[in-house]
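The values are calculated or read from the model by the stated rules, or taken from the named source; none is laboratory data. All figures in this text were calculated on a predicted structure; none of them were measured in a lab. Because the Cβ atoms are built from the backbone with ideal geometry, glycine has one as well, and the counts that use them run over all protein chains shown. With ligands, DNA and RNA removed, areas are computed over all heavy atoms of the protein, side chains included. Shrake-Rupley method; radii C 1.70, N 1.55, O 1.52, S 1.80 Å.
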Amino acid sequence: MNEINSTQDFVTSYIAINADKYPKISSGYISDTVKKLSPAEQSQLNSLNIKDPVLALLLSFFFGTFAVDRFYLGNIFLGILKLITIGGLGIWTITDWFIIMKSTRKQNLEKFSTLINNSN
């Protein structure tokens, strides 16, 4: 019974802390998957390097011309390309303002899925 409570506490806290970092449509999948994790897998999940979509948007807004947002997300090639083209002459920078949060959440979900698939 204690292990069940511990697992439920982990699921509740993980979802509360990270719900905004994943696409809203995937919340059921994430919740169901996290419930099935062993304590060792829960530890791996806690160490998963997920990115904050709001921080990505702020970086994009203030430093997007210098590709700081792309480097933050780990998109090194796109970051270099964006930097060399001065944010696609501003067009790429402005476009990123509208897509960077969704892109960050999608990337976080891909990291989550990869971790889950590798642990199974």
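May I ask you to derive the relative contact order of the chain, considering only C-alpha pairs under 8 Å and at least 6 residues apart, and to give it as an integer percent? Write out the running numbers ahead of the final one.
Numbers: 94 pairs, mean separation 35.6, N = 120.
RCO, the chain: 30 percent.
Think of a 1.4 Å ball rolled over the protein heavy atoms: the chain then has 62 Å² of accessible area per residue. Here the chain is treated with +1 on each Lys and Arg Cβ and -1 on each Asp and Glu Cβ, and its dipole about the Cα centre works out to around 300 debye. Taking a threshold of 18 Å on the Cα-Cα distance, which of the pairs K36/K102; K35/K102; K24/K102 fall above it? Result: K36/K102; K35/K102 exceed 18 Å.
Note on the chain: helix-only mean residue ellipticity at 222 nm, from DSSP H runs of 4+ residues weighted -39500 (n - 2.57) and normalised by residue number, equals -24000 deg cm²/dmol.
A cut-off under 11 angstrom between Cβ atoms defines the neighbours of M101, and their net charge, with Lys, Arg +1 and Asp, Glu -1, is +1. Compared with the alpha-carbon gap, the fully stretched path from I91 to I17 is longer by 23.3 nm at 0.36 nm per residue. Here are labelled values, (1) 31, 21, 12; (2) 20, 18, 13; (3) 34, 13, 10, and one is the computed semi-axes √(5λ) of the Cα gyration tensor in Å for what I pasted. Which one? Matching entry in (1) 31, 21, 12; (2) 20, 18, 13; (3) 34, 13, 10: (3). Under 12 Å from the Cβ of L83, count the other residues' Cβ atoms, weight Lys and Arg +1, Asp and Glu -1, and hand me the total. Residues near L83 contribute +1 overall.
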